[in-house]
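See below for the structure under consideration.
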Amino acid sequence: MAKKAAEKGGKSLVIVESPAKARTIAKFLGNDFAVEASIGHIRDLPQGAKEVPDEFKDEEWAYLGVNVDQDFTPIYIVPSDKKKQVTKLRAALKDAKDVYLATDEDREGEAISWHLCEVLRPKVPVHRLVFHEITEEAILEALRNPRQIDEGLVKAQEARRILDRLYGYEVSPLLWRKIGPRLSAGRVQSVAVRLIVQRERERQAFVSASYWDLIAEFITPDGHEFNAALVSVGGRRIPSGKDFDSKTGKIKDPNLLVLGQQEASQLAERLQTAEFLVTALENRPYTSRPSPPFTTSTMQQEANRKLGFTARKTMSLAQNLYENGYITYMRTDSTTLAQVAIEAARELVRSEYGPDFLPDAPRTYASKVKNAQEAHEAIRPAGHPFRVPESVRGELDSDQFRLFELIWKRTIASQMADARGRRITIGIEGGEAVFQVSGKTIDFPGFLRAYVEGSDDPQAELADKETLLPKVERGQSVGCGGLASKSHATQPPPRFSEAALTQALEEMGIGRPSTYASIIDTIQAREYVFKRGNALVPSWTAFSVVRLLEQHLGSLVDYEFTAQMEDYLDAISRHERQPQDYLREFFHGDERPGLRQLVQDKIKQVDAREMSRFSLGTPASGEHLDEVFVRVGKFGPFLEQGDRRASIPHAMPPDELTRDKALEMLARGQREDEAMGQCPQTGKPVYLKTGRFGPYVQLGATDDKEKKNASLPKGMAVEEVDLETALKLLALPRTLGAHPDNGQPVVAHSGRYGPFVKCGDETRSLPEDVTPLDISLDQAVMLLAQPKAGRGRRAGATKEPIKVFDASPVTSQPVKLLDGRYGPYVTDGQTNASLPKGVAVESVTLESALQLLAERAAKGPAPKRGRR
């Protein structure tokens with residue numbers, strides 16, 4: 001075939017992962033090259049029994065897709081949604097004189113190249129292209145220096161894939177049997193959930209402590225005012241929050257002086273007549289060095305802190321920037337910059353900020369990386385010289401630009417001079433009381449002129465904020481303009497944000513930064529975690545899962561054990577270890593039982609009731625003295641005390657569910673079991689209840705198969721609901737009358753997404769101050785006459801797509817991003833896929849859309865929605 005292609009003067013075939021990357025590379029290669037996309041992996045382990053090839057279906061291990069009895073040989077298949085693309089690649093290969101595999105420079109990219117060779121079986125020369133930025137110079141340099149596929153990286157990726165399959169497919173069924181359906185376990189995800197649960201346990205056990213101190217307002221002889229805080233009295237130090245035991249609320253060191261409100265007020269009164277002198281004055285210089293350029297992890301953390309982006313959104317934006325030639329490869333643990341990048345950054349420092357901001361020698365950053373897969377650069381602007389952000393603003397959408405600017409600034413700052421300044425501390429003493437205040441003066445901003453690193457603590461001072469203090473001298477007298485007592489309360493440890501969780505996982509050596517975005521998505525999709533603001537809050541289901549794993553499969557969620565797994569995978573990538581040895585010990589066991597035996601033993605040992613029941617304590621007094629429990633049931637968590645039951649609101653964090661709060665909810669639940677009255681038409685009882693998703697009214701008893709529910713409209717308080725109001729809610733939809741223009745009925749509804757009015761095919765949401773119970777026909781007609789909010793289209797017109805992309809390689813139809821009834825979704829004309837929660841429509845690319853469509857298609861037809 002190679003001779004035939006050469007005789008035809010065939011082109012060189014270049015295969016990349018994504019169409020966007022293909023388009024960008026094609027611009028640099030000219031007519032002698034054909035560039036095609038694999039659209040990710042073209043081969044994988046079977047996802048279910050239906051995908052297992054017939055010759056293996058009767059094997060005991062078939063459900064795993066891995067022959068665990070013979071060297072852990074994986075069974076690879078081409079998924080149905082990739083067959084058309086494979087056919088297209090085979091057709092392109094027929095006329096090719098050689099093949100260049102230009103997939104990403106990491107384990108996944110190496111594995112994709114290997115799978116392409118295994119499936120396509122090219123008879124022409126095959127070359128592996130490696131580059132970390134998609135610029136003309138980088139592509140042409142890669143063409144001049146191709147290499148072979150790295151078997152070590154391929155084996156490491158394959159071992160990770162098999163390890164994750166064995167872990168998930170063996171442990172998840174145990175969770176289904178003992179806790180609930182649709183749960184999953186994972187090598188990294190389960191450890192991430194454990195971290196979040198452990199933090200919530202610390203918050204539950206936390207006992208707050210309160211203490212008081214004084215803030216004094218001092219005045220220098222020349223009239224300058226400044227405040228200082230009390231630090232000691234009579235030689236005894238005033239404590240801070242860290243001096244209290246978080247589990248008891250008591251002071252750790254009895255020699256510290258803990259002031260109550262009364263003691264603080266008395267001390268303030270006594271010090272009103274005291275004379276104050278400056279007794280301490282420190283003026284110490286300090287130097288701050290810039291942070292290294294971004295790695296995957298630090299980019300995710302900073303984008304979360306500074307821009308509010310989720311890890312998923314950050315990686316999606318970075319993927320788009322990389323594939324379109326704006327930044328270097330975005331999956332990296334390296335802080336190294338290429339020499340040309342250092343020179344480009346230093347030139348920009350000189351031209352943008354001046355020679356004073358340029359250090360004498362280039363900065364280098366030591367990398368902790370020892371893995372072959374991360375042998376490339378840090379994340380930086382692509383090419384050289386670097387383009388300044390303003391020059392690309394018109395080419396990028398708002399979020400893409402913000403991330404590019406963040407990367408640009410971090411890269412430039414990494415090659416800038418240190419920031420220099422002075423830290424000044426003033427001590428003032430009078431009446432045996434010592435006050436202290438600290439300030440900071442920046443003498444030379446250095447890298448801070450370009451970049452200031454963010455913080456997990458929104459209250460923390462930014463590094464470039466100065467606290468200026470007046471000039472004073474030791475022994476100088478200062479006046480006291482006033483003394484104010486101030487209360488403090490210790491705070492529980494903060495929950496993990498995405499940034500903090502990413503940082504913790506990386507520091508512990510668990511997982512790889514490139515996988516953290518998908519891990520965070522997964523634990524939210526499984527409802528192990530939900531978000532409150534930017535914080536990750538564990539559910540009670542997560543508590544049950546972590547308890548089971550800790551008590552019965554402890555090694556699988558042991559932090560050190562999980563980190564060692566990563567080390568072994570890294571050793572495989574460096575050709576130092578063989579994957580079969582580790583997989584055999586992990587699954588079958590050697591000196592200790594392997595995964596399979598462990599799980600089999602636990603099927604009989606694990607007490608499902610014990611795993612899903614959490615005590616909140618026993619009431620000290622009252623009518624009901626039974627112990628109060630949280631139970632994780634099939635339909636969610638609930639409270640249990642003897643025969644009493646009550647639902648737990650879906651968004652209530654575990655640390656807020658105290659014993660006393662639970663008793664209130666149980667008492668309310670008991671009242672909810674008492675009917676408000678009866679429906680005059682049906683004679684059935686009417687109840688006002690509170691469920692996982694808020695208050696609602698119910699017609700009929702709980703065991704009535706024909707009972708009817710109706711949610712309270714937004715803004716309606718439970719106290720407003722009487723029997724009459726409940727019956728009106730249950731009677732919805734309500735016909736208001738005929739529309740004066742077309743005679744069709746106008747109806748008020750309360751739907752899944754809020755109250756609305758409808759006439760024919762036209763619907764309009766109700767304003768917040770109007771309910772479907774009280775809206776009049778005239779008001780409804782006025783609403784229906786208005787254009788739909790945010791749509792700007794006439795009645796009956798086809799809804800315009802938010803975005804239109806290139807044709808799908810599967811259907812050959814344009815891929816569209818549309819706004820549907822249940823939120824934004826993408827379609828290729830045959831398959832529809834909703835956008836995951838938290839994904840902004842602006843961040844959707846053709847590649848991410850194709851990935852969503854492929855995942856949706858692999859799951860089969862969507863179930864039909866039932867009526868409420």
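In table form, for the structure just shown:
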read-out	value
Every residue from segment 487-528 that is more than 17 Å from Met315 (Cβ to Cβ), in a helix (DSSP H, G or I) and either touching a Lys or Arg at 6+ places or on another chain (Cβ under 9 Å) or among the hydrophobic types (A, V, I, L, M, F, W, C) (or both)	Ala500, Ala504
Unmet requirement for Ala264, which otherwise passes all of (1) open to solvent by 30 Å² or more (accessible area, probe 1.4 Å); (2) in a helix (DSSP H, G or I)	(1)
One residue from Lys57, Lys83, Lys97, Lys88 being open to solvent by 50 Å² or more (accessible area, probe 1.4 Å) and touching a Gly at 6+ places or on another chain (Cβ under 8 Å)	Lys97
Counted residues, segment 666-692 - those being under 19 Å from Glu720 (Cα atoms), in a loop (DSSP other than H, G, I, E, B) and under 34 Å from the mean Cα position of the chain (by Cα)	0
Search result, residues across segment 291-311 that are open to solvent by 10 Å² or more (accessible area, probe 1.4 Å), farther than 17 Å from Leu337 by Cβ and not in a helix (DSSP H, G or I)	Gly308, Thr310
Strands (runs of 3 or more DSSP E) lying entirely in segment 704-791 (those with 1 or more residues that are over 30 Å from Glu674 (Cβ atoms) and open to solvent by less than 80 Å² (accessible area, probe 1.4 Å))	734-738, 745-751, 754-759, 762-765
Residue list for segment 375-395, restricted to those being touching a helix residue (DSSP H, G or I) at 6+ places or on another chain (Cβ under 6 Å) and either under 15 Å from Glu323 (Cβ atoms) or assigned to a loop (DSSP other than H, G, I, E, B) (or both)	Ile379, Arg380, Pro381, His384, Pro385, Phe386
Condition broken by Tyr696, with the remaining ones in (1) hydroxyl-bearing (Ser, Thr, Tyr); (2) loosely packed, with under 15 Cβ neighbours inside 10 Å; (3) under 42 Å from the mean Cα position of the chain (by Cα) satisfied	(2)
All positions within segment 117-136 that are out of contact with any helix residue (DSSP H, G or I) (no Cβ under 9 Å at 6 or more places or on another chain) and acidic (Asp, Glu)	Glu118
Close pairs (8 angstrom Cβ cut-off, 6 or more residues apart or separate chains): assigned to a helix (DSSP H, G or I) in segment 17-38, among the β-branched types (Val, Ile, Thr) and surrounded by fewer than 20 Cβ atoms within 10 Å (Cβ to Cβ) anywhere	Phe28/Thr135
Residue count, segment 60-80 (criterion: without any contact (Cβ under 8 Å) to a residue 60 or more places away in the chain, open to solvent by 30 Å² or more (accessible area, probe 1.4 Å) and not aromatic (Phe, Trp, Tyr))	5
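The values are calculated or read from the model by the stated rules, or taken from the named source; none is laboratory data. Computed from a prediction, not measured in an experiment: that's the story for all the values here. Cβ atoms come from the backbone with ideal geometry, glycine included; neighbour counts cover every protein chain shown. Keep in mind that these areas ignore ligands, DNA and RNA; they rest on the heavy atoms of the full protein, side chains included. Shrake-Rupley method; radii C 1.70, N 1.55, O 1.52, S 1.80 Å.
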